[in-house]
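Below is one structure, written out as structure tokens, with a few remarks after it.
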Amino acid sequence: MDLIEPDLKFSPSGILAPQHWGLILAEGPDAGSFLQGQLTNDVLLLPVGQARFAGYCSAKGRLMASFVVLKHSAEKYLLACHQDLLPSTLKRLSMFVMRAKLKLTDVTAQYDIRGLLGTTADQACPALQSEVPWRTLQEGEGHFIKLHSAKNSGLSISRLMWIGLKDAPSSNALT
């Protein structure tokens, strides 16, 4: 059985450019409190410079989407999710904004997402090599997010996610 999805662009360098990820930007003074009421993880206690995994559930508790939530600043959050779920999730989240002071936007076209694996991850961001998962490091217009290591035959393989503006110098280096 082939576990590699055919639409993934993978290079031998250990850099993956997943085409199935999208990004939602939640920005405004009420972004944190709004997301706190909508997602399954505690967004208000998330410090700037960290990321978390969170889910978005229906009123019956069924998982509708899962996100990697990156707190970019006090009023700015990036939510990475599967691109197929992004339009319906964004529409549903937008229904509950009401008088909250925030804007939800699909920013997939403005950002690149990369996955880094093994020595490529270690060399690209040595500062996160010994950190715990979900720590982030901002570099220019991008953020490295330390993910849980992959385990293979007893070996621990480093994994990073990188989210950054398209055409930024750091984005061009990760191709």
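Since every read-out is calculated from the coordinates, none of them should be taken as a lab result. Predicted model only: the values in this text are computed from it and were never measured. Don't worry about glycine lacking a Cβ; one is built from the backbone with ideal geometry, like all the others, and counts go over all protein chains shown.
Listing for the model above:
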item	result
Degrees separating the helix 86-95 axis from the principal Cα axis of the chain, which is the longest one	30 degrees
Which of PHE34, LEU86, HIS143, positive extreme of dipole for the chain (C-beta unit charges)	PHE34
Computed over the chain: relative contact order in percent, which uses C-alpha pairs under 8 Å that are six or more apart	23 percent
Among LEU90, LEU147, LEU23, residue whose mean-square fluctuation peaks in a GNM of the chain (springs only between Cα atoms under 10 Å)	LEU90
SER66, SER73 arranged by Cβ crowding within 10 Å, fewest neighbours leading	SER73, SER66
All Cα pairs of the chain, percent lying beyond 19 Å	58 percent
Interatomic Cα distance distribution for region 21-109, bins of 10 angstrom, percent	18, 59, 23, 0
Highest average packing first - 149-159, 112-122, Cβ atoms within 10 Å	112-122, 149-159
Computed helical MRE - 222 nm, the chain, DSSP H runs ≥ 4 contributing -39500 (n - 2.57), nearest 500	-4000 deg cm²/dmol
